[in-house]
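Worksheet: one structure, shown below.
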Amino acid sequence: MMASVKIDITEDTMLVGIAAAPGIAISRSHLVNRNRMAVIERRISPEEVDPEITAFTDAVVKSKSQLLEVKAQADSKELTEHLYIIDTHLLILDDEMLIGETLGLIREELINAEGALNRVLRKLRRVFDKISDEYLRERRSDIDSIGDRLMCNLLGETRESLADVKEHVIVVAHDLSPADTVQIDRSKVVGFVTDIGGRTSHTAILARSLGIPAVVGLETITSLVPDGTPMIIDGSTGTVILNPSAETFREYLIKKQHYDYLESELIQFRSLPAQTKDGYLLALRSNIDFVEEITAAREQGAQGIGLFRTEFLFMLGEGPPSEEEQFEVYRSAVERMAPFPVTIRTLDVGGDKFVPELNLADEVNPAMGLRAIRFSLKEINLFRTQLRAILRASAFGTVRIMFPMISGVAEVRDCKVFLERERQDLISAGIACGENVAVGIMIETPAAVLIADLLAKEVDFFSVGTNDLIQYCLAIDRGNEHVAYLYEPMHPAVLQALLMICRAAKSAGIEVGMCGEMAGEDLYSLVLIALGFSDLSMNAVNISRVKRIVRQVDLLEVKQILDKLVTLATAAEVVATLEREMHQLYPQIFPETRL
Ligand code: PEP
Ligand code: MG
């Protein structure tokens, strides 16, 4: 336990961090010590090499057995869908870059084990820090947590386990590893807050699926809050209130009851169709980065995978995965999701998604550089390998293939030529492929919006990637916090773009879906239904929330609201009007307090 810092926190001290997992928790703080350990690097004599290597390999073995124990615990708590996170950590413990390089430094550079490990961890962190995509950058926290565990074991320090928490508390920590989070006893830990982390860290993802309210990225909360401080956290807004007054306490108690009531109601939606009151049926699908997420997606009622980001496959190993390795992963996804479709997006690297093994060039303006489909069309062998793996997997279920960041018809035609060539090649080699692999593109560039009618003639479906479309449309770097305030899904320009895309898709008779983050925000559901989207793909935990809106709306009604929204001049006006309309139509779901 960390020593309590005696500072006066005035009543109702408010801090705002990143809303990581929704819900409200009211309790007292419980500080967990996960401070960085003091690491001393020193030169060793050749005689010390063997003992240092033994100390390091012992620490690796101990870390593995601790993780296996956490895994067994998670198993018994029926958290099986999260075991892949522990498996990822176990894999990292076998990783050549981490283990091999540390051993190399001990042997060849004569550096002590803790110093060598520290150097390698710093190098790995630098690699991850270069990534501007939030999700991928957050994978650094996996390196941090495994690095901390390893270092702790190497230095013989002990860590407090969250499984030992005995009272109702809100955990306050510098950071929590997924292994810490999996060990949380939900009947005791009612919420947690951390100094670091983002919305897409594994810890945040876990907190969301465990249903534990969490606020992360508070920067200095561990140094501000003495142990046992009364506090409230609102994981939906990222607000933390220390020493709440009686009035604030009452206000949040009512909010909490309201939130908990609506949450308990959501469960009933899992098995129901996403159909409007007047019969318009949507497919709500899930976005995944790892095959293992499919279990959770199915539990939440996902009708397929609307976006399988394949970048991760290219980040885990030493180099690009082979055709066989990719095929196994895609086949497993397709089989696990059957009979629903799996939409596999070809490699989307470059720009904000940096994969060191692929030797991407240093670019002055990477967001507009050799990324996504441009990279694939240049690195033809990589592209062909991926296409073959996807086509082979299509023999095992329903596969849709999707190309990212398309900016012109010529690119689409090139992709189709390569796809057809690989199909013919496989067929002539007697290798099975699916009969009807739908071919689609992501609409992420303003160019694709402007020529949506021409593109629609070339493909079977569109999927709108609003994370990028908004970035390119409004000219704001999606990873730059200084312009984050301009990132407005309800900007009139974005609404117009969505209208153009949907109209083009409709007149060509092709499906139009959305897989950007916007698809999972229930405030926008009504707009997306009115625009005519046929499928929305999102983080699985949002499916029921969106479905609840879908099932309460009437298509004609929401179209009228959309007609109003498209006449407004600013995003703020659109949001205010939308919130007002939502409150009038669905006061239960959109109470005034949310406005
Ligand atoms: C998008 O851009 O909206 C999208 C879904 O793709 P990614 O976030 O992987 O770039
Ligand atoms: Mg994108």
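Ligands, DNA and RNA are left out, and with a 1.4 angstrom probe the accessible area of the chain is 42 Å² per residue.
Per-residue 3J(HN,Hα) values for the range 39-50, derived from phi via the Karplus relation 6.51 cos²θ - 1.76 cosθ + 1.60 with θ = phi - 60°, read 10, 10, 9, 8, 6, 10, 7, x, 5, 7, 4, 4 Hz in sequence order (x marks Gly and Pro). The charge dipole of the chain, taken about its Cα centre with unit charges on the Cβ atoms of Lys, Arg (+1), Asp and Glu (-1) only, comes to about 1140 debye. Residues whose amide H comes within less than 5 Å of that of E521, counting only those at least five positions distant or on another chain, are absent (H built at 1.01 Å from N in the peptide plane). Close amide-amide hydrogen proximity is noted between I443 and S463, V464, G465, each under 5 Å apart and 5 or more residues distant or on a separate chain (H modeled in the peptide plane; Pro and chain starts excluded).
With K and R counted +1 and D and E -1, the other residues having a Cβ less than 9 Å from that of R125 yield a net charge of +2. Scaled against the 2.2 N^0.38 Å expected of a compact globular protein of N residues, the Cα radius of gyration of the range 180-260 reads 1.09. Using a probe of 1.4 Å on the protein chains alone, the accessible area found for R503 is around 150 Å². Charge tally around S245: other residues with Cβ under 11 Å, Lys/Arg +1 each, Asp/Glu -1 each, net -3. Each residue of the range 277-287 is assigned a 3J(HN,Hα), and the resulting list reads 4, 9, x, 7, 9, 10, 9, 9, 10, 10, 8 Hz, derived from the Karplus form 6.51 cos²θ - 1.76 cosθ + 1.60 (θ = phi - 60°), x at Gly and Pro. Annotation: amide H of G408 has no partner in the under-5 Å range at sequence separation 5 or more or interchain, hydrogens built in the peptide plane. Working note: 222 nm ellipticity from helices only, DSSP H runs with n ≥ 4, each -39,500 (n - 2.57), summed and divided by the residues of the chain, gives -14000 deg cm²/dmol to the nearest 500. Counting only lysines at least 8 places from K188 when in the same chain, those with an alpha carbon closer than 16 Å to its own are K77, K166.
Ranking K188, K166 by solvent-accessible area of protein heavy atoms (1.4 Å probe, all protein chains present), from largest to smallest, gives K166, K188.
For the pair the range 38-66 / the range 511-573, the C-alpha centres are spaced 55 Å from each other. With the simple model of a label 7 Å out from the Cα in the direction of the Cβ, E328 to Q584 spans 5.8 nm. Only protein atoms count toward the accessible area here, which uses a 1.4 Å probe; on the chain, the carbon and sulfur part of that area reaches 52 percent.
Taking Lys and Arg as +1 and Asp and Glu as -1, the other residues whose beta-carbon sits under 14 Å from that of N112 total -4. Looking at the square roots a ≥ b ≥ c of the eigenvalues of the Cα gyration tensor of the range 209-315, which shape do they give, rounded for a/c under 1.5, prolate if a/b is larger than b/c, or oblate? Oblate, because a/c is 1.5 or more while a/b does not exceed b/c.
The 3J(HN,Hα) values that the Karplus relation (6.51, -1.76, 1.60; θ = phi - 60°) gives for the range 91-107 are, in residue order, 5, 4, 5, 9, 6, 4, 5, 7, 7, x, 5, 5, 4, x, 5, 5, 6 Hz. Gly and Pro appear as x.
Model label sites at D425 and R413, defined 7 Å from Cα along the beta-carbon direction, differ in position by 2.2 nm. Ligands, DNA and RNA excluded, the heavy atoms of I196 present near 50 Å² of accessible surface to a 1.4 Å solvent probe.
The simple spin-label model puts a point 7 Å past each Cα toward its Cβ; for V16 and N365 those points are separated by 3.2 nm. Here T194 sits with roughly 0 square angstrom of accessible surface, probe radius 1.4 Å. For the range 243-338, the relative contact order works out to 22 percent when only alpha carbon pairs closer than 8 Å and six or more residues apart are counted. Take the Kirkwood radius over Cα pairs of the chain, plug it into Stokes-Einstein at 20 °C and 1.002 mPa s, and you get 84 µm²/s for translational diffusion.
The values are calculated or read from the model by the stated rules, or taken from the named source; none is laboratory data. The structure presented is a predicted model; accordingly, all values stated were derived computationally and were not measured. No Cβ is skipped: glycine too gets one built from the backbone with ideal geometry, and neighbour counts run over all protein chains shown. With ligands, DNA and RNA removed, areas are computed over all heavy atoms of the protein, side chains included. Shrake-Rupley method; radii C 1.70, N 1.55, O 1.52, S 1.80 Å.
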